[in-house]
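Report on the structure given below.
The values are calculated or read from the model by the stated rules, or taken from the named source; none is laboratory data. Note that the structure is a prediction, hence the values are computed from the model and not measured. Positions of Cβ are generated from backbone atoms using ideal geometry, with glycine treated the same way; all protein chains shown enter the neighbour counts. Accessible surface areas use protein heavy atoms only, side chains included; no ligands, DNA or RNA. Shrake-Rupley method; radii C 1.70, N 1.55, O 1.52, S 1.80 Å.
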Amino acid sequence: MAQPEQISTVEGVPDFYARAIDRIRNFMLVLAPVAAVAGWALYGSRAAIGCAVGCAISYLNFHWLKSGVSHLADRTTNSGKRQSGKGIVARFLLRYLLLGAASYAILTSFPASLRGLFVGLFLPVAAIACEAMYELYAGLTRGV
């Protein structure tokens, strides 16, 4: 069994895991059109539109969440002050309110696209599963 010092000094390990968020984003960009085309082929254009809108909403939500957490961490570590809880909660609630309003608009405009919308909203889950499989592959083949 390897010593803990040997595991932490393997070349490229920190950089490999630091790029996980970028790989998840790239998986999302690849999976979104694949899901929309599959929705069109299986269920028609309304499902494809719902899937595309769901993918766009989930990608936007992922981006906002990533940037919000990054800004919060930067503010906290750089200022050394505790951040206001009200402002943080307000920004998170505003994000979900906007995403909910967009979803409601899609559902009232195109009720037949409900399945596609839900598939699109699960885009980050599929991208994270792809990242987990990639990390497993990299761990088994390269020892990362």
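For the structure I just gave you, tell me whether Ser113 is in contact with a Gly (Cβ under 8 Å, 6 or more places away or on another chain), of a type in the set (S, T, N, Q) and at pLDDT 75 or above. Step through it out loud before you land on a result.
Values: in contact with a Gly (Cβ under 8 Å, 6 or more places away or on another chain): yes; of a type in the set (S, T, N, Q): yes; at pLDDT 75 or above: yes.
Here the answer is yes, as Ser113 does meet what is asked.
Being over 27 Å from Leu94 (Cα atoms) and surrounded by 17 or more Cβ atoms within 10 Å (Cβ to Cβ): is that true of Arg19 here?
Numbers: over 27 Å from Leu94 (Cα atoms): yes; surrounded by 17 or more Cβ atoms within 10 Å (Cβ to Cβ): no.
The answer is no for Arg19.
Counting just the residues of the stretch 117-144 that are of a type outside the set (A, V, I, L, M), on the phi < 0 side of the Ramachandran plot and in contact (Cβ under 8 Å) with a residue 24 or more places away in the chain, which one comes out surrounded by the most Cβ atoms within 10 Å (Cβ to Cβ)?
Of the stretch 117-144, the ones of a type outside the set (A, V, I, L, M) are 118, 120, 122, 124, 130-131, 134-135, 137, 139, 141-143.
Those still in the list that are on the phi < 0 side of the Ramachandran plot too: 118, 120, 122, 124, 130-131, 134-135, 137, 139, 141-142.
From what is left, the residues that are in contact (Cβ under 8 Å) with a residue 24 or more places away in the chain are 118, 120, 122, 124, 130-131, 134-135.
Details: Phe118: 13, Gly120: 29, Phe122: 15, Pro124: 19, Cys130: 17, Glu131: 18, Tyr134: 14, Glu135: 15.
Across the stretch 117-144, the extreme among qualifying residues is Gly120.
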Within the stretch 36-51, which residues are open to solvent by less than 50 Å² (accessible area, probe 1.4 Å) and under 21 Å from Ser109 (Cα atoms)? Ala36, Gly39, Gly44, Ala47, Ala48, Gly50, Cys51
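Do any helices (runs of 4 or more DSSP H) entirely within the stretch 1-102 hold 3 or more residues that are at pLDDT below 90 and within 15 Å of the chain's Cα centre (by Cα), and if so, which?
On the way: elements: 4-8, 13-18, 20-43, 45-79.
Result: 45-79.
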